[in-house]
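**Student:** Sending over a structure as structure tokens; questions will come in a sec.
The values are calculated or read from the model by the stated rules, or taken from the named source; none is laboratory data. All values reported here derive from a predicted model rather than from experimental measurement. Glycine gets a Cβ as well: all are built from the backbone with ideal geometry, and neighbour counts include every protein chain shown.
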Amino acid sequence: MIVEPTATLREVWEAHADEWTEWARRPGHDSYWRFHRDAFLALVPAPGRLTLDVGCGEGRVARDLAALGHRVLVLDPTATLPRRAAEAGGGLLGVLRADGAHLPLADAAAVLVVAFMTLQGTDDMPGAVREFGRVLRPGGRLCIAVEHPINSAGAFTSREPDAEFAMSGDYFEPRRAEAAVVRDGLTMTFDGWHWPLEDYFRALEGAGLRTDALTEPRAGNGGRWDRVPLFLDLRAVRP
């Protein structure tokens, strides 16, 4: 539903940090385990000098990247989630509390920036993308996953596999939205921004980044998310 932004997203995600940690760490529980992780990692280039995981949450993406050989520095703006990432270990290079729109790194410091399901969860999406471009060296890559703007602009009318999908409001208007989800005894409130596609790509262009790959991963189970995209994954390069 559409909500009034009475709290910053940093505050919202801090309030739900423990819920998110339990949700994210239950194997097989959500789309990350079922189909999104492998689709996203297929876009990620080979390990290089430094990989940044911006908006790392409790660290599951960073741990998977480290297992592939990446030297991963993780960053998150909340107080609790960076600690959760550090406590879990997984061969991370380091853990910092930092906002994506104000990265504490030098220009051209990284060969890869990963922002997995992060940009819709920041209050300054264009500013974060500018920072991604700044800290990437020439030839470096940015790999992002976001909630697909079609999905954040609408909803299915039921949970049936053939349910209709209905869009509401103005697709072109950025707005805050939240969804409270209960699954297998766990509850999580997802709060973020709806951004139209044009805004994401305008931000990439403004940061001097050129998109070179894009996917809309499907669940592959014949259900609702095989008909309507849940996620948008893309890779961009700093020329």
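**Student:** Quick one: which strands (runs of 3 or more DSSP E) sit completely within the range 74-156 and have at least 2 residues that are touching a Gly at 6+ places or on another chain (Cβ under 9 Å)? Give the derivation first.
**Tutor:** Details: elements: 94-97, 110-116, 136-147, 154-156.
Where strands (runs of 3 or more DSSP E) fall fully within the range 74-156 and carry at least 2 residues being touching a Gly at 6+ places or on another chain (Cβ under 9 Å), they are 110-116, 136-147.
**Student:** Of all residues in the range 157-188 being among the acidic types (Asp, Glu) and in a loop (DSSP other than H, G, I, E, B), which is nearest to ALA115 (Cα to Cα)?
**Tutor:** Taking the range 157-188 and keeping what is among the acidic types (Asp, Glu), we get 160, 162, 164, 170, 173, 178, 184.
Within this subset, residues satisfying the condition of being in a loop (DSSP other than H, G, I, E, B) are 160, 162, 164, 170, 173, 184.
On the way: GLU160: 31, ASP162: 32, GLU164: 31, ASP170: 26, GLU173: 23, ASP184: 27 Å.
In this case the residue turns out to be GLU173.
**Student:** Within the range 216-239, count every residue that is within 30 Å of ALA109 (Cα to Cα), of a type outside the set (A, V, I, L, M) and touching a Lys or Arg at 6+ places or on another chain (Cβ under 9 Å).
**Tutor:** Of the residues in that region, 3 qualify.
**Student:** Let me ask something additional. Residue check: is HIS29 in a loop (DSSP other than H, G, I, E, B), surrounded by 15 or more Cβ atoms within 10 Å (Cβ to Cβ), of a type outside the set (S, T, N, Q) and in contact with a Ser or Thr (Cβ under 8 Å, 6 or more places away or on another chain)?
**Tutor:** On the way: in a loop (DSSP other than H, G, I, E, B): yes; surrounded by 15 or more Cβ atoms within 10 Å (Cβ to Cβ): yes; of a type outside the set (S, T, N, Q): yes; in contact with a Ser or Thr (Cβ under 8 Å, 6 or more places away or on another chain): no.
So HIS29 fails the test.
**Student:** Which of the residues spanning the range 30-46 are touching a residue at least 60 places away in the same chain (Cβ under 8 Å) and either under 22 Å from PRO82 (Cβ atoms) or among the hydroxyl-bearing types (Ser, Thr, Tyr) (or both)?
**Tutor:** Of everything in the range 30-46, those that are touching a residue at least 60 places away in the same chain (Cβ under 8 Å) and either under 22 Å from PRO82 (Cβ atoms) or among the hydroxyl-bearing types (Ser, Thr, Tyr) (or both) turn out to be ASP30, SER31, PHE40, VAL44.
**Student:** Return the residues of the range 189-204 that are closer than 20 Å to VAL114 by Cβ and surrounded by fewer than 18 Cβ atoms within 10 Å (Cβ to Cβ); say none if nothing qualifies. Give the steps one after another, and end with the answer.
**Tutor:** Residues of the range 189-204 that are closer than 20 Å to VAL114 by Cβ, as a first pass: 190, 192-193, 195, 200-201, 203-204.
The one that is closer than 20 Å to VAL114 by Cβ and surrounded by fewer than 18 Cβ atoms within 10 Å (Cβ to Cβ): PHE201.
Conditions tested, residue by residue: (1) touching a Cys at 6+ places or on another chain (Cβ under 9 Å); (2) at pLDDT below 90; (3) within 14 Å of GLN120 (Cβ to Cβ).
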site: PHE156; (1), (2), (3): no, no, no
site: GLU160; (1), (2), (3): no, yes, no
site: PHE165; (1), (2), (3): no, no, no
site: SER168; (1), (2), (3): no, yes, no
site: GLU173; (1), (2), (3): no, no, no
site: ARG176; (1), (2), (3): no, no, yes
site: ALA179; (1), (2), (3): no, yes, yes
site: THR187; (1), (2), (3): no, no, no
site: GLY192; (1), (2), (3): no, no, yes
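**Student:** Of the numbered conditions (1) buried (at least 20 other Cβ atoms within 10 Å of the Cβ); (2) farther than 22 Å from ARG37 by Cβ, LEU119 satisfies every one except a single condition; which is it?
**Tutor:** If we test LEU119 against (1) buried (at least 20 other Cβ atoms within 10 Å of the Cβ); (2) farther than 22 Å from ARG37 by Cβ, just (2) comes out false.
**Student:** Do we find a residue being over 16 Å from the mean Cα position of the chain (by Cα), closer than 28 Å to VAL44 by Cβ and outside any helix (DSSP H, G or I) anywhere in the range 189-206?
**Tutor:** no
**Student:** Here is a further query. Name the one entry in ALA128, ALA85, ALA98 that is within 19 Å of VAL61 (Cα to Cα) and touching a residue at least 60 places away in the same chain (Cβ under 8 Å). If you could, list the steps in order and put the result at the bottom.
**Tutor:** Values: ALA85 fails: touching a residue at least 60 places away in the same chain (Cβ under 8 Å); ALA98 fails: touching a residue at least 60 places away in the same chain (Cβ under 8 Å).
Answer to the check: ALA128.
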